[in-house]
Each structure stands twice: as C-alpha cells, then as structure tokens.
There are 2 protein chains.
Amino acid sequence: METISENKSFGGVQGVYSHHSEATGTDMTFGLFMPPRNGSVPVLWFLSGLTCTHENAMVKAGAQAFAAEHGIAVVFPDTSPRGEGVADHEDYDLGQGAGFYVDATEAPWSPHFRMESYILNDLTELLFSEFPLDRGAQAITGHSMGGHGALTLAAKSPGRFRSVSAFSPICNPSESDWGKKQFGAYFGSVDEGRAHDASLLAGAGKLNLPLLTDTGTDDQFSALLRTDALKSAVVGRADAEVRMQDGYDHSYFFVATFMGEHVGFHAKYLTA
Amino acid sequence: METISENKSFGGVQGVYSHHSEATGTDMTFGLFMPPRNGSVPVLWFLSGLTCTHENAMVKAGAQAFAAEHGIAVVFPDTSPRGEGVADHEDYDLGQGAGFYVDATEAPWSPHFRMESYILNDLTELLFSEFPLDRGAQAITGHSMGGHGALTLAAKSPGRFRSVSAFSPICNPSESDWGKKQFGAYFGSVDEGRAHDASLLAGAGKLNLPLLTDTGTDDQFSALLRTDALKSAVVGRADAEVRMQDGYDHSYFFVATFMGEHVGFHAKYLTA
C-alpha cells in the first residue's frame, strides 16, 4: 500500500492510498477518513456513482464532520479499474468510471471489471490489515450507481453489514437503461443482472438489514432510478425507509444535505 | 444576469450565475447560496484562493450547512477575469485565477484585472438588485489569496462589513513571494502593494472590525503567508483573534473543519 496524501480533517485524517488488487489486476486508489478515536473503529463504506473516482464524495459529500462526531471511519473506493490495458467505452456509463459493483464475465470486461470482488475481498482485507478498523462493525452507503452497489453488496453478503443506506440509488437496474446496458455488456445478458438488482433482492427477502434511502423529487434521472420498485419491495417493513425529499436533485448538494442523517442512522447500529 | 444552475441544498438554493461586469470588461461567474429564509437576508462573502474559480469553495468548504442554520447567504465570486482577450501568465500564481483582489494599473493586466472594483462595486450592485439580501448586514471571509482579499477589502471599505475572517490568509504580501510578484506585475511596483497588505493596514489602525483567522501549523505555504505579521499587528485587541490550528494544512479539508466556527462568528454580528 502506498500513501498518496494525508490531510488532517475534523480532528481525524483524510487519507488517499493506492494498492495492487488481485481481483482487478490493477492498482486501485481509495480514500479513507479515520476519525479522532482510539481503539477499533467502526467503518462506513461509501460507494460512488457513474463517472466518479474515489475523490468526488471525499471532497463534496461532507461526511467527515459527522463521521468524526460519531467516531466512524469512512472508506471511499474508486468506481472501476483504470489504466493502460483496461477496457473502456466512449459512453460515460460503461467501462471506466462505471463498474456497477459486479464481476464481469464477458470480454473485453472480464479481466479487470471485478468490482464486487474488489470491494468485498481485496479492499476489505487491505483495510483490516492496514488500519485499526473493527471488522465486526461495518455499514455501507453510496450514491446513484453506488447506491445500487451498497444495496446489492449488502444483500449478497448477509451478516456483514449492520445497516445499509443510499442516496438516489439505482433501485431496479434490470428494468432500467442504467442497468440493462451494463448487465448486457458485463454479463452478456440482462437476465444475469437480476441477481444484482436491489428491488428483486429485497422482494426475495434478501435485503434484511436496517435500510434508509433518500431520493430527490426533482432528480433528473428519476426514470432511471425506479425508486418505486424498491419502495414496493420493502413496504410494511419497520426497519426500512425509502424516502422522497421535496425539490432535491441528483447532485452532491443533495447528498451533502442528508449526509448527517445517514451517518447518524448508521451510527445507531455501528456504535451501539 | 443569466442563471447557469440552481440546486436545492440544505433547504435553500445553491445557484450559479453569470453577468457582464463593467469593471473587468468580461462576463463573470459567481455562486450564491440562499438559505431557507424569508425577508432581507444577511450575506457572507467568501473569496477564494489561487487557481480557484467560483466553484471550489462552493462544493468543498461545507458552508451551506451552517449558512442554512443561521439564515445567512454566501456569495462565491471568481478569482479573476477570464476568457479570450484576457491576459494570462504561465505561472499558476499570476494572471487568470490569481487576481489578488486589486485593480491592476499596468499593462497587460489593467484592462481586465480589476477584481477590487468588481467585488466592491459591480457584483455588489448586482447582488442587491437581483436577490433579497440585506445591504446593511455583510461580512467577508476567504481562503489564502482570498483571505488576503477579505482582510484588505474589509480594511479598504470601513463600515461596510460587520466582521471579517480568513482561512490561511496571505497576511503580509508586500514581504512575500505571494504578493511581491503580483504587485510588481499588476502595479509595476511592490511599494504600491503596501496599500493592499493586511498586516500593514491593521498596523495603521485601518482594520477595525471583529476579526478571526485560522491557519494550520502544518500549512505547506506558511513562509508565504507570514501569519506572525498579522498577529503582531492586532496584538492586544479584544475583537481580533489570529489562531493557529495544530496539524492542519492549507487544503479545503482544513477550511471545511473550521467553517462552522467561522460562519458562527459572523452570525453573531450579522443576525444580532
């Protein structure tokens, strides 16, 4: 692991690090905020959206203030493998910056686009070996494509995360052009993508952990997010809330506005 | 005035607008956060540092949360004129992105580099004619070169701002390579720059308003900031505090950490 930068932030340290990942076969960069706290620190994963790197949420989402207050670390992974020899596409929503948090099985993507394994295995092992983090106290959130990632990775690794939340998540990608296109490319079939669809996973009883999502009523991508599908899938659950926020859009201005509530939501479970 | 974007943020609106400035002879872009508040709204100016546009602080400094809480607007001007026909320099700290908040008198800068007039006249008139802001309740802050701008514009317009603060300000530019070079270029003489030096203005009794500055002890540019000169100039004043913050550097991670205290400091005077 190589340290790229470390800046003091809210009494803690906002670091940026790089390391080699076996899963992606590339060097990967991530951000990690460590709060001013001794001992084994709970950790919140923040998965970012299309076109983002590890950096966007780290500088725009305002998570550090609340993470410091609650004594929680926040990890900001990149959204795809990058670099020479890594496949890409001219569209912003396929290839580099658009890993969709799945392990691709089709050429030209399969050699490197293995973000599910990267997050759940490689980066996880690195974090818990290099930093004083509490493996037993993890939660996960994300924005847009990263909200899809948070919800689906939580569903696919039962018991690992104590709570899950998302900002403007892609909720039902197997029925959306943010999903069908990518599943078609990465798996060769949209049907394969159904195993990576938060609404279908929730409907099948596989998203059984405390859940909170926020989406703006003025989100310019609402037709692609298909928030209602997730809402229907968790209806009646006391531990799941799919909220709409009046007048907010898809931007980080929206994410920052509700970041305090999301960190507070996870803190209830992480620091209990 | 043209609206470039408006995003709901913390119950208010983060807008970006452009307008023609007579002072600079160019179109200028600025950000304005309007809090969720009716009536005539107090306003805090945030002047940015070298290489920044209107955007950096608007997305990285986390001001909106606190401005919304206190019912204060925040305006984020650009740091220089830009565009075709506007002089520039290959160095990052001269020309576009480096206006230093002065009115240049020397070629090739004098036709457009008139940021003091732009801030104090053109943008001021536009803001108070286009938005429901309270002309009698203004405060000013900024970062680095923008901290220099905040301190010196406050000194040069007595009675206009109720309070002034700064993050890692350039305190004594007429004795620093962040200052001598720019004054030499914009005025043809470093001596002319002495009228735009916060420490000299404070020493001459011309910075008589409530003042708060924060600078990190690990600021990588500390030799250029010359914080001690300002500290000496205000020593003994009950209404002026020049603070050093342990372990912090020059980045927006530092600015964001202390933003809440700075907005709270100004709120005492703006909403009294």
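The table that follows gives values for the structure above.
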item: Any hit, the range A:186-202, residues being aromatic (Phe, Trp, Tyr) and under 21 Å from A:Thr79 (Cα atoms); result: yes
item: Identity of the residue in the range A:53-64, part of a loop (DSSP other than H, G, I, E, B) and within 11 Å of another protein chain (Cβ to nearest Cβ), that ends up farthest from the chain's Cα centre (by Cα); result: A:Gly62
item: Test: residue in the range A:76-89 that is within 14 Å of another protein chain (Cβ to nearest Cβ), under 13 Å from the mean Cα position of the chain (by Cα) and not small (Gly, Ala, Ser); result: yes
item: Search result, residues across the range B:216-272 that are polar (S, T, N, Q) and either assigned to a loop (DSSP other than H, G, I, E, B) or touching a residue at least 24 places away in the same chain (Cβ under 8 Å) (or both); result: B:Thr217, B:Gln220, B:Thr227, B:Ser232, B:Gln245, B:Ser251, B:Thr271
item: Residue satisfying condition, being over 16 Å from the mean Cα position of the chain (by Cα), buried (at least 24 other Cβ atoms within 10 Å of the Cβ) and small (Gly, Ala, Ser), within set A:Ala150, A:Ala67; result: A:Ala67
item: Any hit, the range A:86-108, residues being part of a loop (DSSP other than H, G, I, E, B) and touching a His at 6+ places or on another chain (Cβ under 6 Å); result: yes
item: Output for the range B:65-75, where each listed residue is within 14 Å of another protein chain (Cβ to nearest Cβ), assigned to a helix (DSSP H, G or I) and out of contact with any Pro (no Cβ under 6 Å at 6 or more places or on another chain); result: B:Ala65, B:Phe66, B:Glu69
item: Residue check for A:Val59: out of contact with any helix residue (DSSP H, G or I) (no Cβ under 6 Å at 6 or more places or on another chain) and surrounded by 17 or more Cβ atoms within 10 Å (Cβ to Cβ); result: no
item: Selection from the range B:238-254 of residues that are more than 10 Å from chain A (Cβ to nearest Cβ) and under 28 Å from B:Ala73 (Cβ atoms); result: B:Asp239, B:Ala240, B:Glu241, B:Val242, B:Arg243
item: Strands (runs of 3 or more DSSP E) (entirely within the range A:1-48) containing at least 3 residues that are away from every other protein chain (no Cβ under 14 Å); result: A:12-21, A:26-34, A:41-47
item: Filtered residues of the range A:105-151 (kept if farther than 29 Å from A:Asp191 by Cβ, in contact (Cβ under 8 Å) with a residue 40 or more places away in the chain and among the acidic types (Asp, Glu)); result: A:Glu130, A:Asp134
item: Residues of the range B:127-147 that turn out to be more than 11 Å from B:Val43 (Cα to Cα) and hydrophobic (A, V, I, L, M, F, W, C), as a count; result: 1
item: Filtered residues of the range A:1-37 (kept if free of Cβ contacts under 8 Å to residues at least 24 places away in the same chain and of a type in the set (S, T, N, Q)); result: A:Thr3, A:Ser5, A:Asn7, A:Ser18
item: Set B:Ala229, B:Ala202, B:Ala256: member being surrounded by 17 or more Cβ atoms within 10 Å (Cβ to Cβ) and under 21 Å from B:Lys60 (Cβ atoms); result: B:Ala256
item: So A:Gly159, is it out of contact with any Phe, Trp or Tyr (no Cβ under 9 Å at 6 or more places or on another chain) and at positive phi; result: yes
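Any read-out appearing in this document is the output of simple, stated calculations on the displayed coordinates, not a laboratory observation. Note that the coordinates shown come from a computational prediction; the quantities given were computed from them, not determined experimentally. Heads up, the Cβs are rebuilt from the backbone with ideal geometry, glycines too, and the neighbour counts pull from every protein chain shown.
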